[in-house]
Amino acid sequence: MIEQQVAIGAPQPHAIGVLVLTLIALFLFTRERIPLQTSSLFVFCVLLVAFYLFPYRLADGSILQVKEFFLGFGNEALIAVSALMIVGQALVRTGAMEPIGRFLAKIWRVKPSLSFLLTLVTGAVLSAFINNTPIVVLLLPILINVSLRTGQSPSRTLLPMGLATLLGGMATTIGTSTNLLVVKVAEDLGMPPFGMFDFAKPVAIAAFFAILYLWLIVPKVLPEREPPLQDTSPRVFTAQLEILPGSFADGKTLAEIRDKTNGEINVERIIRGDNLSITTLPDVEVKAGDRLVVSDTADRLRDYEVELGGKLYAGENPENAEQPFKAGDQSIAEVVVIGGSTLDRVRVGDARLNSKYGLRLLAIHSQGKETQARSKGVNDMVLRAGDVLLVQGDKQAMREVKNAGTLLVLDGGEELPHTRKAPLALLVMAVVVITAATGLMPIAVSAVVGVFILIATGCLRWRDATNALSTQVILVIVASLALGTALIKTGGADFLAHVFVSATDGLSPGVILAMLIFFMAILTNVVSNNAAAVIGTPIAVSIAQRLGMPIEPFVLGVLFGANMSYATPMAYQTNLLVMNAGGYKFSDFVRVGVPLSILVWLVLSVVLTWVYHLY
């Protein structure tokens, strides 16, 4: 246990440097234009170089070795977080939670109000054991389907559901990566380890009031929002344009035809005679009777018909001229990029949606902005988790996308991905949780073994496992752990605790704890919750030591506060997922999340003060 006492106002030079770097890190973590992993790597590199060039001598006379900062890569909490991300990915890939989804979808037809409550409770309970991202992925299509069937806006239900999963994640040590990190860092500082359900009761009390708020009040205060991309792009059709004798296109090269349409026409192939297909080279000469296979909107196809002098029809029969183009079994759907999928952080030009998935990209909704697929520079856009793509494809293509789990299809259908490996994946997840909960194995061990079983049995491929890992999460955790180590070793954490205790002099420990939770709740809505938790934990331990109070409630204060990512869409990845799917605005999160944060903060502060006698 580190018990250095640093006089307030006189921190050592190394401590000052680390405190300044901490402020810089928190600032960088709020910059949307700078990837979080880039900011994390920068902070990590600064720590390495600074302590290598300017060594710090500890109280026992030894030098703080730079290699200690690398220990974060092998930290037990990081290993557990990474393994659980992979196990959660298996649940998505195999559709292991399909029975739950089908059950919820059915009962929505009977009692919508009670079904909404049951959906909130189900999401919260599942998130106590599974990362909430697959839970949100499971519930989003169900709620959207309900909204389509009832004619109501999905914005009434999607945001409450997403926030309910965040509530449930606080209940156990494995509910979120934040929980695992706080518990492990506190253990390293000498606190007895928490059991999996040791803090489930205060969370259950807070969740009781919070879910009532989400169920009864939030749907009434949320304005109706139109889902993104709804009717923003005309339907694209594939048609054949027969060139008439004496028309402009008769005898012209394909390059001349494209010039006539200002380069807008996209000729996929040229059919001559019964079955001769001609390559669409620029110098190919088009003759009367040729059929140009063209895909575009209805208005543009009609323009091509007039400009080039032809007759539009679908299929092989020119007699269909009365209905010149049709979508056939094509459908338009909104799909969401899932974090950790093969499309996360991939350029649109490299995504190959058409060749890989049979989908035609129509438009993109990213970070609240809409971009049509024909826009200049669209191929250079980088897809991120939560982005919504408007695509067109046939039913088979949509079905395969659902089964692949790379994209979340928001078409309102109740068909959920399912494979014969689903029961095995669910069993592995259950064994991982049970062995950790009963103390048979540490969660890091049971989760890693679970990953091996999932790969060995074919529930996951290695590509799926590696795609499940988030570089952003890993680097944020490593950089935060290194920064936390520097704060502890140099006395920076103790100095901040001294400042905090001095500023709250005369207040009861319960009020000080409430202020700590409040501060962490604000911080987690601005910066990464993992970073806030790792930096805040050693400070909380020092505060408890200076007050002469039990460490546990103050560590829990950091854990609970760092999980209260309710008030901003960027506070947690599922918030962005819900925001794009429901068409929410930033103000919607503030309107719902701020009262929810205050409610949870008050309940948890009172419960912790009462349980630990912090009067």
Practice task
Restrict the check to the range 538-548 and report whether at least one residue is in a loop (DSSP other than H, G, I, E, B) and surrounded by fewer than 23 Cβ atoms within 10 Å (Cβ to Cβ).
Solution key: yes
Exercise for the section: Search the range 66-85 for residues that are farther than 10 Å from residue 181 by Cβ and pair each with any residue that is hydroxyl-bearing (Ser, Thr, Tyr) and at pLDDT 90 or above when their beta-carbon atoms are under 6 Å apart and the residues are at least 6 apart or on different chains. Expected result: 66/52
Practice task
Could you run through the range 183-221 and say how many residues are surrounded by fewer than 17 Cβ atoms within 10 Å (Cβ to Cβ), of a type outside the set (A, V, I, L, M, F, W, C) and within 24 Å of residue 533 (Cα to Cα)?
Solution key: 7
Problem - Odd one out for residue 454, checked against (1) surrounded by fewer than 24 Cβ atoms within 10 Å (Cβ to Cβ); (2) closer than 30 Å to residue 421 by Cα; (3) not β-branched (Val, Ile, Thr) - result: (1)
Problem - Residue match in the range 238-248 (condition: within 37 Å of the chain's Cα centre (by Cα) and at pLDDT below 75) - result: yes
Exercise for the section: Go through the range 460-470 and give me each residue that's touching a helix residue (DSSP H, G or I) at 6+ places or on another chain (Cβ under 9 Å), part of a helix (DSSP H, G or I) and surrounded by fewer than 18 Cβ atoms within 10 Å (Cβ to Cβ). Expected result: 462, 466
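Within the range 86-97, is there a residue that is in a helix (DSSP H, G or I) and farther than 19 Å from residue 452 by Cβ? Reasoning before the result, please.
First pass over the range 86-97, keeping only residues in a helix (DSSP H, G or I): 86-94.
Now restrict to residues that are farther than 19 Å from residue 452 by Cβ: none.
There is no residue in the range 86-97 that is in a helix (DSSP H, G or I) and farther than 19 Å from residue 452 by Cβ.
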Completion exercise
Of 125, 110, 121, the only residue that is in a loop (DSSP other than H, G, I, E, B) and surrounded by fewer than 21 Cβ atoms within 10 Å (Cβ to Cβ) is 110
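Yes/no per residue for (1) part of a helix (DSSP H, G or I); (2) within 30 Å of residue 43 (Cβ to Cβ):
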{"position": "431", "(1), (2)": "yes, no"}
{"position": "446", "(1), (2)": "yes, no"}
{"position": "450", "(1), (2)": "yes, no"}
{"position": "458", "(1), (2)": "no, no"}
{"position": "472", "(1), (2)": "yes, yes"}
{"position": "488", "(1), (2)": "yes, yes"}
{"position": "501", "(1), (2)": "yes, yes"}
{"position": "505", "(1), (2)": "no, no"}
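What's the total number of residues in the range 164-194 that are assigned to a loop (DSSP other than H, G, I, E, B), of a type in the set (A, V, I, L, M, F, W, C) and either within 19 Å of the chain's Cα centre (by Cα) or closer than 30 Å to residue 218 by Cα (or both)?
Counting residues in the range 164-194 that are assigned to a loop (DSSP other than H, G, I, E, B), of a type in the set (A, V, I, L, M, F, W, C) and either within 19 Å of the chain's Cα centre (by Cα) or closer than 30 Å to residue 218 by Cα (or both) gives 3.
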Problem - Residue that is surrounded by the fewest Cβ atoms within 10 Å (Cβ to Cβ), among those in the range 583-600 that are hydroxyl-bearing (Ser, Thr, Tyr) and touching a residue at least 12 places away in the same chain (Cβ under 8 Å) - result: 597
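The values are calculated or read from the model by the stated rules, or taken from the named source; none is laboratory data. In this text the structure is predicted, and so the values were computed from the model without any measurement. Quick reminder, even Gly has a Cβ in these numbers, built from the backbone with ideal geometry, and neighbours come from all protein chains shown.
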